[in-house]
Amino acid sequence: MDIEAIRAKASGELETADTGSSLLAWHGAYLGRKGEVTMILRSLGEKSLEEKKRLGPAAQALKRDLEAGYTRKERLLKGAADAHQRIDVTMPGIRPDTGHVHPLTQVIGDIRRIFGGMGFKTVEGPELETEGYNFDKLNFPKNHPARDMQDTLWVSAPKGLLMRTHTSPVQARYMEKNLPPLQIIVPGRVFRNEATDASHEANFYQFEGLMVGKDVSLANFKYVIAEFSGQFFERDVDVRFRPSFFPFTEPSVEIDMRIGSGPWLEMMGGGMVHPNVFKAVNYDPANVRGFAFGGGLDRWAMVKYGIPDVRLFYNNDARFLRQF
Ligand code: DAH
C-alpha cells in the first residue's frame, strides 16, 4: 500500500478512536513493532537506492505525523476524562477544614444560655485578686488553712495579692456595686497550688451563681439547680442536697446529681448566703436573702462528654479538640 493511502486510512481511524484502548490498538496497528509504518521503514534496507530515496523521507514523515496525532489524541481523551471527573456528582465531597469550639468554651456558652433563660446575667471578675475579696469578705477566718501557701498561689510583689482560688470573690465585688434583687453567673479561671493528675489541674475553671432578693429561698435554689442540670445534660437529672460547710454560706450544701440511671456524682457546692457576707458588702442581712453556688466547669464538661482526664482540656492536642 502506498504511503498516502496508509496516511488516509490511519487518520480516519484515529478520528474515531475515542477510548484509551482503541487508541492503543491504533498505535499498535501503525506504529507498533509489527505496525504498518514500522514494517515499511524496516523494509527499506532491502530496497534499491532509488527506492530508498523516494520512500524513506515520506515514510519518516508519516511516522512523525502519526506519532504527533497519537499524542494529540491521547491528551484530548485524558482531558475529557478529567473534565468528566470534575463534575462527577457521585464523588464524595471534600469537607472544608473548619475550626472547633473548645469544649470548655462550649460549656461556658451552655451556662450563659441556660441561666440567661432564667434571668441570670453573666459577669466576670479579675484573676489576680486581693486577700480581702478572695477570703475576708467571704467570711474566711484569718487562720483558715485555704489561705495557706500550700493551697493558694500568692504573688510575691505587690504583697497581699493572690491568684483567685475560686470565682466566689466576684459575689462580693458585684454586690458592692449593685443592689438586690440580682441574679448573676460568673464563669472564670481559678488557680490552686497543687500537683496535677487526671482530676486536678493547677488552673481550671469554675462557675459561680448568686441570686439575692427579699425572700429568696432554699426551695428556689433547688429549683434553679434542677432546671439548669436537666437542660445542661439534656437528660433526667435527680438533685440531692447534702449538708456541708463553707465559710460564706449558712446552711451549706454539697450538691449531688444522678444523670439518667447513673451513679450519684458530687457536682457543686452552695448554700444560703451567710449574713457576714451581706454585712461585708453593706447589705442589711435582716432584709435580704440569697443563695450562692459554685461548680467545677471542667468537671461538668468531663461528665457531659465522658472525658477521663482534666489535663486534656489544656494541652491543645488537635486530635482531642477536633472531636468537639
Ligand atoms: N468556692 C467554692 C469552692 O471553690 C465553691 C462554692 C461553694 C461556691 C459554695 C459557692 C458556694 O458560691 O455557696 O470550692
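So here's what we get for this one:
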| quantity | calculated |
| --- | --- |
| Residue check, ARG112 under 30 Å from ASP317 (Cα atoms) and among the basic types (Lys, Arg) | yes |
| Check on MET175, aliphatic (A, V, I, L, M) and either farther than 21 Å from GLU201 by Cβ or part of a helix (DSSP H, G or I) (or both) | yes |
| Scope the stretch 186-210; condition at pLDDT 95 or above, over 14 Å from GLY296 (Cβ atoms) and either in a loop (DSSP other than H, G, I, E, B) or more than 11 Å from the ligand (Cβ to nearest atom) (or both); matching residues | none |
| Sole residue being in contact with a Gly (Cβ under 9 Å, 6 or more places away or on another chain) and in the same structural domain as VAL224 (by TED's automatic domain parsing), chosen from GLU124, GLU129 | GLU124 |
| First in the stretch 102-121 and closer than 18 Å to GLY213 by Cα, second anywhere and at pLDDT 95 or above and part of a helix (DSSP H, G or I), Cβ under 7 Å, 6 or more apart | PHE115/PHE228; MET118/VAL224; MET118/GLU227 |
| LYS222 vs. criteria within 16 Å of the ligand (Cβ to nearest atom), of a type in the set (D, E, K, R) and in the same structural domain as GLY188 (by TED's automatic domain parsing) | yes |
| Residue, farthest from ASN203 (Cα to Cα), within the stretch 289-324, restricted to residues that are within 16 Å of the ligand (Cβ to nearest atom) and surrounded by fewer than 21 Cβ atoms within 10 Å (Cβ to Cβ) | ARG289 |
| Breaking point among (1) within 12 Å of the ligand (Cβ to nearest atom); (2) at pLDDT 95 or above; (3) surrounded by fewer than 21 Cβ atoms within 10 Å (Cβ to Cβ), for ARG240 | (1) |
| Matching residues in the stretch 1-33 - criterion: being closer than 30 Å to ALA81 by Cα, in a loop (DSSP other than H, G, I, E, B) and free of Cβ contacts under 8 Å to residues at least 40 places away in the same chain | GLY32, ARG33 |
| From the options VAL253, VAL277, residue that is of a type in the set (A, V, I, L, M, F, W, C), crowded, with 21+ Cβ neighbours inside 10 Å and closer than 21 Å to ARG173 by Cβ | VAL277 |
| Among residues of the stretch 202-226, those that are surrounded by fewer than 21 Cβ atoms within 10 Å (Cβ to Cβ) and of a type in the set (Asp, Glu), counted | 1 |
| Residue count for the stretch 171-188, restricted to those that are surrounded by 13 or more Cβ atoms within 10 Å (Cβ to Cβ), of a type outside the set (Gly, Ala, Ser) and over 21 Å from SER217 (Cα atoms) | 3 |
| Every pair of residues 6+ apart whose Cβ atoms lie under 7 Å, when the first sits in the stretch 205-222 and is under 22 Å from THR105 (Cβ atoms) and among the charged types (D, E, K, R) while the second is in a loop (DSSP other than H, G, I, E, B) and within 10 Å of the ligand (Cβ to nearest atom) | GLU208/THR167; GLU208/SER168 |
| Residues (under 30 Å from LYS177 (Cβ atoms), in contact with a helix residue (DSSP H, G or I) (Cβ under 8 Å, 6 or more places away or on another chain) and in a loop (DSSP other than H, G, I, E, B)) located in the stretch 73-125 | MET118, VAL123, GLU124, GLY125 |
| Only one of THR105, THR71, THR130 that is of a type in the set (Ser, Thr, Tyr) and at pLDDT below 95 | THR71 |
| Neighbours by Cβ (under 8 Å, 6+ apart or cross-chain): first from the stretch 61-72, among the acidic types (Asp, Glu); second in a helix (DSSP H, G or I) | ASP65/ARG7; GLU67/LEU31 |
| In the stretch 267-285, residue farthest from PHE140 (Cα to Cα) [restricted to those that are in a strand (DSSP E or B) and either free of Cβ contacts under 8 Å to residues at least 24 places away in the same chain or near the ligand (Cβ under 9 Å from one of its atoms) (or both)] | MET268 |
| Filtered residue count, the stretch 154-170, keeping only those that are part of a loop (DSSP other than H, G, I, E, B) and either within 12 Å of the ligand (Cβ to nearest atom) or crowded, with 18+ Cβ neighbours inside 10 Å (or both) | 5 |
| Residue match in the stretch 35-54 (condition: buried (at least 16 other Cβ atoms within 10 Å of the Cβ) and of a type in the set (Gly, Ala, Ser)) | yes |
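The values are calculated or read from the model by the stated rules, or taken from the named source; none is laboratory data. Just so it is clear, the model here is predicted, and its values are computed rather than measured. Note that each Cβ is placed from the backbone with ideal geometry, even for glycine, and that neighbours are counted across all protein chains shown.
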